[in-house]
1. Of the residues Thr72, Thr59, only one is within 13 Å of the chain's Cα centre (by Cα) and either within 20 Å of Arg119 (Cβ to Cβ) or surrounded by 16 or more Cβ atoms within 10 Å (Cβ to Cβ) (or both); which?
2. Filter segment 202-219 for residues that are without any contact (Cβ under 8 Å) to a residue 24 or more places away in the chain and in a helix (DSSP H, G or I) and give the result.
3. Does any residue in segment 160-171 that is surrounded by 16 or more Cβ atoms within 10 Å (Cβ to Cβ) and part of a loop (DSSP other than H, G, I, E, B) come within less than 7 Å, Cβ to Cβ, of a residue that is hydrophobic (A, V, I, L, M, F, W, C) and at pLDDT below 95 six or more places away or on a different chain, and which pairs are these?
4. Report whether or not Pro218 is crowded, with 17+ Cβ neighbours inside 10 Å and at pLDDT 95 or above.
5. Being within 16 Å of Thr70 (Cβ to Cβ) and either crowded, with 16+ Cβ neighbours inside 10 Å or within 14 Å of the chain's Cα centre (by Cα) (or both) is the filter here; which residues of segment 172-197 pass it?
6. With respect to Pro148, is the statement that it is in contact (Cβ under 8 Å) with a residue 60 or more places away in the chain and surrounded by fewer than 17 Cβ atoms within 10 Å (Cβ to Cβ) true?
7. Which residues, taken from segment 84-112, are without any contact (Cβ under 8 Å) to a residue 24 or more places away in the chain and part of a loop (DSSP other than H, G, I, E, B)?
Amino acid sequence: METLLGSVEMFGCIVLMCELFRWISRKTMPAGLGLDLAMEVVSTLQLCCCTREMALLGTKAGLPLWMSLTLTYLLTVLHCLTSRNATCNPCGSLDQWLRGLVHAPVRVLAQFVGAGLSRILVPHLWSLGLSPLHKLGGNCESPLHITPLSGASVEMACALSLFLILHYLPQVSAPLRPHVVAATITAIVYAGAPLTGAVFNPTLAFAVVFLCHGNTYPQYIFVYWIGPLVGTVISFLLLEYFLPKFKLTKGSQERVKKD
């Protein structure tokens, strides 16, 4: 219980600190690209710090599965409610770029800045000693438990599943959207975590997985960068080219039957 409470305090400190940064940014910066990039940096910082704490809690504390999934769900809802429309994921920015958003590459750079800041900030927060686990935070093992090729396929499938579902998110009422996103991510984590950790976010992998022992940087890049990016491109191609034609063909067949 002491360990869990210490991690909850850690989550609270991270979110409150990032909310303060977001409030300062909104008060001091005009609306526009600069503010959007600031939100990307701060929200990615929050996501990476919380995920790194969650990874430590999940690997060192021996939490039961239901508790780990519940925390994943709650943290995802919290992030959705506080991220201020920031993507916090190069895969999401790639999807936006494919759909015509010209500033997507700059947003990716902002996301990696946030991820890099999390690698600096988390050890300082752990030094506060809020949880007994924080003494073990500097030693983590790779979550990749299969071959790099299989791992890249899993990460690709995770990203593909996420973006196929997110495509239909605007059809869901606004109050329910954070819960739909959280339920989707929690389900993907449940399925993929035993194999690769189910990260499907290159900046998150850079902030969390790349610090762990067990695999090389080229392997991590192949699995956690190339894999989800390929899955994102496939989801775009399916949604923009394959599925619309399938619907048109199906509708045409129905009209033929009626005639």
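The values are calculated or read from the model by the stated rules, or taken from the named source; none is laboratory data. In this text, all values refer to a predicted model and were calculated from it rather than measured experimentally. Glycine gets a Cβ as well: all are built from the backbone with ideal geometry, and neighbour counts include every protein chain shown.
1. Working: Thr59 fails: within 13 Å of the chain's Cα centre (by Cα).
Residue meeting the stated conditions: Thr72.
2. If the condition is that a residue be without any contact (Cβ under 8 Å) to a residue 24 or more places away in the chain and in a helix (DSSP H, G or I), then Ala205, Phe210, Tyr217, Pro218 are the ones that fit.
3. His167/Leu239
4. Judged against the criteria, Pro218 is not a match.
5. Within segment 172-197, Pro178, Val181, Ala182, Ala183, Thr184, Ile185, Thr186, Ala187, Ile188, Val189, Ala193 meet the criteria.
6. Against the criterion (in contact (Cβ under 8 Å) with a residue 60 or more places away in the chain and surrounded by fewer than 17 Cβ atoms within 10 Å (Cβ to Cβ)), Pro148 does not qualify.
7. Gly100, Leu101, Val102
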